[in-house]
Amino acid sequence: MSTIIAPPSKTFKDAAIAATISIIVFIGIYILLLILALGLTAILGVAGLSCMILMVSRIHIWGAFIGIGLMSIGVVVLIFLIKFIFIRNTTNLDRYTEITKNEQPQLFALLDEIVQKVGTSFPKKVYLTAEVNASVFYDSSFLSMFLPIKKNLQIGLGLMNSLTQDELKAVLAHEFGHFSQKSMKIGSYVYYTNQVIHNLLFQNDAFGSLLDQWANIHWFIKLGVRVAIYIIIGIQKVLQFFYKLINVNYLKLSREMEFHADAIAAHVAGSEALANALLRIDLANSAYYTVLNFYEKNISKAKITNNIYPQQSWIMKSIAEINDVPLNRDLPQVTLEKFDKIIQSKLIIEDQWATHPSMTERVQHLQKLNISIQQTHKDLAINLLQNSQSILQHQTEQLFAMVQYDRITEIVSYEQFVEIIQEEKKHNSYAPEYKGYFDWRHPAPIEESLKNANIDQESLFSPEIFEKLEEITILNNDITKLQQLIILPELPDFIEYDNKRVPQTEINNLLEQLQDAMETGTKALFEHEQMVSALSFQHATAKGQGQQYETELLLLLETQQLHEQNYELVQKIYGALQFTHVNTPFQEIIKYFEDFLPIEKQLKSALQHLLEVERWQTYWEAEDRVSCQTFLNETFVYFSNPEYDTKALNVLFTAIQIFEKMEWKVFFEEKRSFLQVQLPWLEKELK
């Protein structure tokens, strides 16, 4: 079987050259620092030894400590510079399940085919894990820069449960592609050099503990250690410059290595197989964590399951259905256009600190390569495993074994899981007939001039309106991202918006254009919502219920206004209490709590209102009501110098959390109730 050869691109070569130059410069500076440290150690060692001999001969035993203190300066600096040699990075294998060729012949046959085509060595060991991931890993040390190290492979069952066999083949070929060709090996040197500097700058806890123990022997030694620390601080300032330089160059190279590994994988399994896998992985990962979050929320009820993976598949298909993503053999077929719709953004910001290109960039790169290999193994990748169901159940058991339950656990079957999720969705969503229109938009007040106007019923809830709604959602997300971007001290050279390059100098102009488009689009949607309310009023009036409809709409609008006020109050509360989460001087704490008193008064008033309105009583749980009454009925002093009153703070933060939950619940339930009332008046338009 011939080995795939994928020549590196010019951008890859340029990134490799820049990274190599930065490494060479660093090595030169490091050797110079090491020579100076050795010289300092030798000079101070001789001086310290001479002092010890001189002082001991005159029966001044404390002179020995002076000598040790002098020698400590050079020795400490030298140890600091070479301590990375003794660091070994190992992977925690507690949640990994090793498999062998005898146990899983089909999977190992696939791996055999990949490593032969890619031209790399077979993994030392193969492990299965729970998540949606696959990676090559190995225990690294200083010697791994010079000695060949056998790599291990981990494959996530959540990944195998979401890809076809051809798609898994493409993903694994990408992973092995990182180690296949000489041109890729520069990346490992850049990576380890970067790790060396990171160790010298940031991984000093064990080194600091050693210095503390040494310094506590005698105050002369402590003095020597302190001098050494000042020298080390100076060395670190030099290293910080190189850390940024090498890091930027490494990350640029890392992104190019991803493109190169993608090219190798495309030669092994085809561009389409890898692109399909990349576009589905986010969906699969989201589904996987949705299932985990469900069981995390139910820890107090001790609910578990014996196999999370059918549930992951169901959630993945549900997300696909919501986003109109077609299925093929029960797997969502996500296109690049659908992916952009799901993430709801047209903006791509080139992040110099990102280790991977964006998903859009990778898929576009694969499409340009356009390497066509027929996909013949379209069965689910999990079927490669012998006894797959028992393996999935075993991995699920391992996940739940990490949790300590205070009662006997209850098994949730697949059917029960689906029923619970559907019931929760029904309970936490508006009428499905609106097709999500009012998820983030709200009914509008009735314009007097529209009460008797002729309204084009066919234009309401048309495909064009839903396209406008989607456009506004994307605009809102991208405006938020750009607003966060422009306050950064350093802007990227360019960004991409809607597949067009925007230079740094035009970013502010783009933001203004998007804001103008947002304003225009929002106005159009509001006018649409006014017509919806007016038409509903007309239909209700024809049935003698116009006045009732208008009253209920006004009631909802009042609740919406209250919701907006309460939301602002919650933000103000969290901002005012931010100091409680950081170290703050006592006098400042006292002043902050004095400033908080008027806000606390607002909170109590708003909370009291939520508790008193009669039509909202059914929304409250008894336990929440008791907690709020405790907060309302007492006056708390949250800080008495020099200590916080932990009990009082717990009462306060519990009340805030309940208020935040209940103010949203009240608005949600009122809005849902109104939309249900409005539904009969819009039956024709919604169909």
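Report yes if Ile299 is at negative phi, touching a residue at least 24 places away in the same chain (Cβ under 8 Å), surrounded by fewer than 20 Cβ atoms within 10 Å (Cβ to Cβ) and out of contact with any Gly (no Cβ under 8 Å at 6 or more places or on another chain), otherwise no.
Against the criterion (at negative phi, touching a residue at least 24 places away in the same chain (Cβ under 8 Å), surrounded by fewer than 20 Cβ atoms within 10 Å (Cβ to Cβ) and out of contact with any Gly (no Cβ under 8 Å at 6 or more places or on another chain)), Ile299 qualifies.
If I ask for residues that are surrounded by fewer than 13 Cβ atoms within 10 Å (Cβ to Cβ), assigned to a helix (DSSP H, G or I) and not hydroxyl-bearing (Ser, Thr, Tyr), which ones from the range 610-652 would you list?
Glu612, Glu614, Arg615, Gln617, Ala622, Glu623, Val626, Asn633, Lys647, Asn650
Yes or no: the range 465-478 includes at least one residue that is surrounded by 11 or more Cβ atoms within 10 Å (Cβ to Cβ) and more than 17 Å from Ser345 (Cα to Cα).
Checked against the condition, which is being surrounded by 11 or more Cβ atoms within 10 Å (Cβ to Cβ) and more than 17 Å from Ser345 (Cα to Cα), the range 465-478 yields at least one hit.
Can we say Lys338 is modelled with pLDDT under 80 and basic (Lys, Arg)?
yes
Could you list all residues from the range 557-589 that are more than 35 Å from the chain's Cα centre (by Cα) and surrounded by 14 or more Cβ atoms within 10 Å (Cβ to Cβ)?
Across the range 557-589, the qualifying residue is only Leu557.
Which residues, taken from the range 648-681, are among the polar types (S, T, N, Q) and in contact (Cβ under 8 Å) with a residue 40 or more places away in the chain?
Hits for the range 648-681 are Gln676, Gln678.
For Gly544, only one of the following conditions fails: (1) open to solvent by 30 Å² or more (accessible area, probe 1.4 Å); (2) assigned to a helix (DSSP H, G or I). What is its number?
Answer for Gly544: the failing condition is (2).
Restricting to the range 208-220, and then to whatever is in a helix (DSSP H, G or I) and at pLDDT 75 or above, can you tell me which residue is most open to solvent (accessible area, probe 1.4 Å)?
Gln213
Does the range 369-397 hold any residues that are of a type in the set (S, T, N, Q) and open to solvent by less than 50 Å² (accessible area, probe 1.4 Å), and which are they?
Of everything in the range 369-397, those that are of a type in the set (S, T, N, Q) and open to solvent by less than 50 Å² (accessible area, probe 1.4 Å) turn out to be Gln375, Ser388, Gln395, Thr396.
I need the full set of residues from the range 15-29 which are without any contact (Cβ under 8 Å) to a residue 60 or more places away in the chain and open to solvent by less than 70 Å² (accessible area, probe 1.4 Å), in order please.
Listed by number, the list holds a single entry, Gly28.
Which one of Met531, Met518 is of a type in the set (A, V, I, L, M, F, W, C), in contact with a Leu (Cβ under 6 Å, 6 or more places away or on another chain) and open to solvent by less than 70 Å² (accessible area, probe 1.4 Å)?
Met518
Ser254 passes all but one of (1) at pLDDT 75 or above; (2) surrounded by 22 or more Cβ atoms within 10 Å (Cβ to Cβ); (3) closer than 30 Å to Thr11 by Cβ; which number fails?
Among (1) at pLDDT 75 or above; (2) surrounded by 22 or more Cβ atoms within 10 Å (Cβ to Cβ); (3) closer than 30 Å to Thr11 by Cβ, the lone unmet condition for Ser254 is (2).
State all residues of the range 421-455 that are closer than 20 Å to Gln545 by Cα and among the hydrophobic types (A, V, I, L, M, F, W, C); if no residue qualifies, say none.
Residues satisfying the conditions are Ala444, Ile446, Leu450, Ala453, Ile455.
Residues are listed down the side, and each one gets a yes or a no for (1) in contact with a Leu (Cβ under 6 Å, 6 or more places away or on another chain); (2) modelled with pLDDT of 90 or more; (3) not in a helix (DSSP H, G or I):
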residue: Ile391; (1), (2), (3): yes, yes, no
residue: Leu399; (1), (2), (3): no, yes, no
residue: Glu419; (1), (2), (3): no, yes, no
residue: Glu424; (1), (2), (3): no, no, no
residue: Ile446; (1), (2), (3): no, yes, yes
residue: Asn452; (1), (2), (3): no, yes, yes
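Of the residues Leu385, Leu380, Leu399, only one is of a type outside the set (Asp, Glu) and within 17 Å of Met316 (Cβ to Cβ); which?
Leu380
Taking Glu458 as the residue in question, decide whether it is of a type in the set (D, E, K, R) and farther than 30 Å from Gln545 by Cβ.
No.
Looking only at the range 430-450, which residues are open to solvent by 40 Å² or more (accessible area, probe 1.4 Å) and among the small types (Gly, Ala, Ser)?
Within the range 430-450, Ser449 is the sole residue that qualifies.
Select from the range 469-526 the residues that are among the basic types (Lys, Arg), over 30 Å from Leu450 (Cβ atoms) and more than 22 Å from the chain's Cα centre (by Cα) and list them in ascending order.
Lys500, Arg501 - these are the residues of the range 469-526 that are among the basic types (Lys, Arg), over 30 Å from Leu450 (Cβ atoms) and more than 22 Å from the chain's Cα centre (by Cα).
Cβ contacts < 6 Å: first residue more than 16 Å from Glu470 (Cβ to Cβ), restricted to the range 321-338; second residue of a type in the set (S, T, N, Q), any location; separation 6+ or different chain. Result?
Pro326/Gln333
Among (1) out of contact with any strand residue (DSSP E or B) (no Cβ under 6 Å at 6 or more places or on another chain); (2) modelled with pLDDT under 90; (3) buried (at least 18 other Cβ atoms within 10 Å of the Cβ), there is one condition Ile315 misses while meeting the rest; what is its number?
Ile315 satisfies all of (1) out of contact with any strand residue (DSSP E or B) (no Cβ under 6 Å at 6 or more places or on another chain); (2) modelled with pLDDT under 90; (3) buried (at least 18 other Cβ atoms within 10 Å of the Cβ) except (2).
Within the range 482-491, can you find the residues that are in a helix (DSSP H, G or I) and surrounded by fewer than 17 Cβ atoms within 10 Å (Cβ to Cβ)?
The answer is Gln483, Gln484, Leu485, Ile486.
The values are calculated or read from the model by the stated rules, or taken from the named source; none is laboratory data. What you are looking at is a predicted structure, and each value in this text was computed from that prediction instead of being measured. Positions of Cβ are generated from backbone atoms using ideal geometry, with glycine treated the same way; all protein chains shown enter the neighbour counts. Heads up: the accessible areas ignore ligands, DNA and RNA and are worked out on the full protein's heavy atoms, side chains in. Shrake-Rupley method; radii C 1.70, N 1.55, O 1.52, S 1.80 Å.
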